Amino acid sequence: MCGIVGAVTGRNIVPVLMQGLQRLEYRGYDSCGIAVHDQGLFRARSIARVSELQAQIDASGFAGNSGIAHTRWATHGGPVIDNAHPHFSLDRQGDRRIALVHNGIIENYELIRTELKSLGYLFESQTDTEVIAHLINHLYDGDLLHAVEKAVKRLTGAFAIAVICKSEPHRMVGARLGCPLVAGLGHGENFLASDAMALSGATDQIIYLEEGDLVDVRQTSIRVVDRNGISVNRKIDTVSATAGPAELAPFRHYMQKEIFEQPGVLADTLIGSENLDAGMFGAGASEIFKQINAIRILACGSSYYAGMTAKYWIESLVGIPVSVEVASEYRYREPAVNPHALVLAISQSGETADTLAALKYAHQLGHRHSLAICNVGVSALVREAELSFLTRAGIEIGVASTKAFTTQLAALLILGLTLAKLRGHLTPEQQRLHVDALRHLPAAICRILELEPQIMAWASLFARKENALFLGRGLHYPIALEGALKLKETSYIHAEAYPAGELKHGPLALVTEDMPVVTIAPNNSLLGKLKSNMQEVRARGGQLYVFADADSMVAPSDGMHVIQLPEHHGLLSPILHVVPLQLLAYHTALARGTDIDKPRNLAKSVTVE
């Protein structure tokens, strides 16, 4: 994750901005920076800790009445000073006109970069962020809000930005799509941040900006404009001055909030993956990946289902065998050992007792190479493994994992594509298509989230049931398992998942008109088989609830309820299809009145056997 904090005020705002950066350090970062307006734009950046940036500021007497600050994970380009935020764009006189910070990924940055280079703009970094700064500068006509409004219409992807301009010293403009951004209201000063926690101590009056919003921040006013350019009033929430990193507003539960955070955290997880460089997984990964001839995945719960999905991806893309083990079972059996296999351990917390013990057991058995996919960089699992990849989902409060699961899937697909590239199984054109699809993923998730009202209607029906079946085929069978797990965890409805082809081997005996059957219907090579399985359910009076791709030719009819997803994304389809299943579980639990964030008998991190 990366973080934003900005302010417009009549006092020296640098201490508030630096405090905001300190509050955002929990997200992890590899560079940080600050830019202020003081009769011009000035900047300090560091590729060390926020404390080192503070030392620079203390030594220089750095001050200003308005400014922006940022913590960053390495994005397009490595963790070097030139790539650190904020980024500048110069006017024709060579003076710094625009300063900008950005969270997210701009999918079409290369096209815009080429265009701006032809117009004479010079690029100092490898980032997609610098493209936004130059584009706003190019469109600037004396009104910063108008320039930002025109610029964001050119951007494809997910973003949250905060911008200041030399010509307008008491103004800051922000915009968001797919990444969180909040505005804070103070007394004679106003703020922007990626997280309300960054503003703790500065203000407790927070506006949670909605998708597509732009915000015009001045010293004594805040104006919000929606994606259609219309001024709107957004609700002001009062948050605790000691608020933690996971403010709820405007959501009712952390689970719902975390479902809607997925575009942003997926964008963060994908940062730096555009070249499919094995170095993302640690020093020596390239040589290790060349040596392995198999993969053994160890995981529990949702992470296990992520591993099952990865088996389909990796065997198809790379052509090496993949086995997926429940960690609590693996650690107590005597498995055959292949010293040339990569042991891949998956865990959100990195402290899951069974997974950690299973990885240690694999090392004791003689497995030489290991990789951890985890959300916590300082965890025991990461320390135990030879290589690691961090998923950057941020803190997840809800016990039922949502954003941690989808970021694991993204990381596993990146692994599969990286192995395929390293072994010569991807042509340059195939690589480009896969990377473009990954860049589009946050925006595609945003479109899925717009289906929430339709899913709420289904949830009101599910809430009256006590049993449910989930069906999927191929890549989507593990997603059906995850959907069933989410429903049982949150609503306490007994839910089971099966490969659709297994219906006739037993589960069909359970089908009645009182048994809802949730079916995942992507438009892939198994769709015809899946349609036959759905007919088997209908013939027994079963009620089908189908999440279908728009082009899958599955139409609603008697006993067949259909919600169409906007797009089909091939290999990425499992990540898209799990989101409506998460929403179905959440809203069903909401209708049943359960303790959604803290389901009975369950804990967030299972650190005991």
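Residues that are out of contact with any helix residue (DSSP H, G or I) (no Cβ under 8 Å at 6 or more places or on another chain), part of a strand (DSSP E or B) and surrounded by fewer than 16 Cβ atoms within 10 Å (Cβ to Cβ): does region 233-247 have at least one?
There is at least one residue in region 233-247 that is out of contact with any helix residue (DSSP H, G or I) (no Cβ under 8 Å at 6 or more places or on another chain), part of a strand (DSSP E or B) and surrounded by fewer than 16 Cβ atoms within 10 Å (Cβ to Cβ).
Can you give me the number of residues within region 9-39 that are touching a Lys or Arg at 6+ places or on another chain (Cβ under 6 Å) and either surrounded by 23 or more Cβ atoms within 10 Å (Cβ to Cβ) or at pLDDT 90 or above (or both)?
3
For GLN126, indicate whether it is under 24 Å from GLY3 (Cα atoms) and either part of a strand (DSSP E or B) or not acidic (Asp, Glu) (or both).
Yes.
Which of (1) over 21 Å from the mean Cα position of the chain (by Cα); (2) outside the structural domain of LYS529 (by TED's automatic domain parsing) is the odd one out, the single condition LEU415 does not satisfy?
(1)
One line per residue, one yes/no per condition, for (1) in contact with a helix residue (DSSP H, G or I) (Cβ under 6 Å, 6 or more places away or on another chain); (2) touching a residue at least 24 places away in the same chain (Cβ under 8 Å); (3) more than 16 Å from SER573 (Cβ to Cβ); (4) surrounded by fewer than 21 Cβ atoms within 10 Å (Cβ to Cβ):
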{"position": "THR418", "(1), (2), (3), (4)": "yes, yes, yes, no"}
{"position": "GLY424", "(1), (2), (3), (4)": "no, no, yes, yes"}
{"position": "ARG432", "(1), (2), (3), (4)": "no, no, yes, yes"}
{"position": "ARG447", "(1), (2), (3), (4)": "no, yes, no, yes"}
{"position": "GLU452", "(1), (2), (3), (4)": "yes, yes, yes, yes"}
{"position": "ALA457", "(1), (2), (3), (4)": "no, no, yes, yes"}
{"position": "LYS465", "(1), (2), (3), (4)": "no, yes, yes, yes"}
{"position": "TYR477", "(1), (2), (3), (4)": "no, yes, no, no"}
{"position": "LEU485", "(1), (2), (3), (4)": "no, yes, yes, no"}
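Output yes when any residue across region 62-80 is modelled with pLDDT of 90 or more, in the same structural domain as ARG171 (by TED's automatic domain parsing) and surrounded by fewer than 16 Cβ atoms within 10 Å (Cβ to Cβ), and no when none is.
Scanning region 62-80, I find at least one residue that is modelled with pLDDT of 90 or more, in the same structural domain as ARG171 (by TED's automatic domain parsing) and surrounded by fewer than 16 Cβ atoms within 10 Å (Cβ to Cβ), so the answer is yes.
Can you name the number of the only condition in (1) closer than 14 Å to VAL546 by Cα; (2) at pLDDT below 95; (3) in contact with a His (Cβ under 8 Å, 6 or more places away or on another chain) that ALA444 fails?
With respect to (1) closer than 14 Å to VAL546 by Cα; (2) at pLDDT below 95; (3) in contact with a His (Cβ under 8 Å, 6 or more places away or on another chain), ALA444 is out only on (1).
Sort out which residues of region 312-334 are aliphatic (A, V, I, L, M) and at positive phi, and write them in order of number.
Within region 312-334, none qualify.
Restricting attention to region 174-184, report how many residues are part of a strand (DSSP E or B), out of contact with any Pro (no Cβ under 8 Å at 6 or more places or on another chain) and more than 14 Å from ALA7 (Cα to Cα).
Residues meeting the conditions: 3.
Examine region 546-558 for a residue that is touching a Gly at 6+ places or on another chain (Cβ under 8 Å), part of a loop (DSSP other than H, G, I, E, B) and under 27 Å from PHE405 (Cβ atoms), and state whether such a residue exists.
No, because not a single residue in region 546-558 is touching a Gly at 6+ places or on another chain (Cβ under 8 Å), part of a loop (DSSP other than H, G, I, E, B) and under 27 Å from PHE405 (Cβ atoms).
What about LEU181, is it closer than 24 Å to ARG439 by Cβ and surrounded by 24 or more Cβ atoms within 10 Å (Cβ to Cβ)?
Yes, satisfied.
Just the residues that are assigned to a strand (DSSP E or B), buried (at least 23 other Cβ atoms within 10 Å of the Cβ) and not polar (S, T, N, Q), please, taken from region 185-205.
Result: PHE191, LEU192, ALA193.
Within region 513-523, is there a residue that is part of a strand (DSSP E or B), of a type in the set (Ser, Thr, Tyr) and in contact with a strand residue (DSSP E or B) (Cβ under 6 Å, 6 or more places away or on another chain)?
yes
Residue by residue through region 292-335, note down the ones that are under 15 Å from ALA353 (Cα atoms) and hydrophobic (A, V, I, L, M, F, W, C).
LEU298, ALA299, CYS300, VAL326, ALA327
Which ones in region 472-508 are part of a strand (DSSP E or B) and in contact with a Phe, Trp or Tyr (Cβ under 6 Å, 6 or more places away or on another chain)?
If the condition is that a residue be part of a strand (DSSP E or B) and in contact with a Phe, Trp or Tyr (Cβ under 6 Å, 6 or more places away or on another chain), then ALA497, PRO499 are the ones that fit.
Test LEU100 against the stated conditions and say whether it is assigned to a strand (DSSP E or B), among the aliphatic types (A, V, I, L, M) and in contact with a His (Cβ under 8 Å, 6 or more places away or on another chain).
The answer is yes for LEU100.
Restricting attention to region 433-472, which residues are touching a Gly at 6+ places or on another chain (Cβ under 7 Å) and within 20 Å of SER302 (Cβ to Cβ)?
PHE470
Restricting attention to region 206-223, and to residues there that are without any contact (Cβ under 8 Å) to a residue 60 or more places away in the chain and of a type in the set (Asp, Glu), which single residue is surrounded by the most Cβ atoms within 10 Å (Cβ to Cβ)?
Only one residue fits best here, namely ASP213.
Given the condition within 17 Å of ARG171 (Cα to Cα) and in a strand (DSSP E or B), answer yes or no: does some residue in region 46-66 qualify?
Yes, region 46-66 contains a residue that is within 17 Å of ARG171 (Cα to Cα) and in a strand (DSSP E or B).
Could you check how many residues of region 129-167 are part of a helix (DSSP H, G or I) and farther than 22 Å from PRO79 by Cα?
Number of matching residues: 14.
Since THR129 meets every condition but one in (1) touching a strand residue (DSSP E or B) at 6+ places or on another chain (Cβ under 6 Å); (2) polar (S, T, N, Q); (3) over 17 Å from PHE88 (Cβ atoms); (4) touching a residue at least 40 places away in the same chain (Cβ under 8 Å), which condition does it not meet?
(3)
The values are calculated or read from the model by the stated rules, or taken from the named source; none is laboratory data. Keep in mind that this is a model prediction, so the values were computed, not measured. Please note: Cβ atoms are built from the backbone with ideal geometry, for glycine as well, and neighbour counts cover all protein chains shown.
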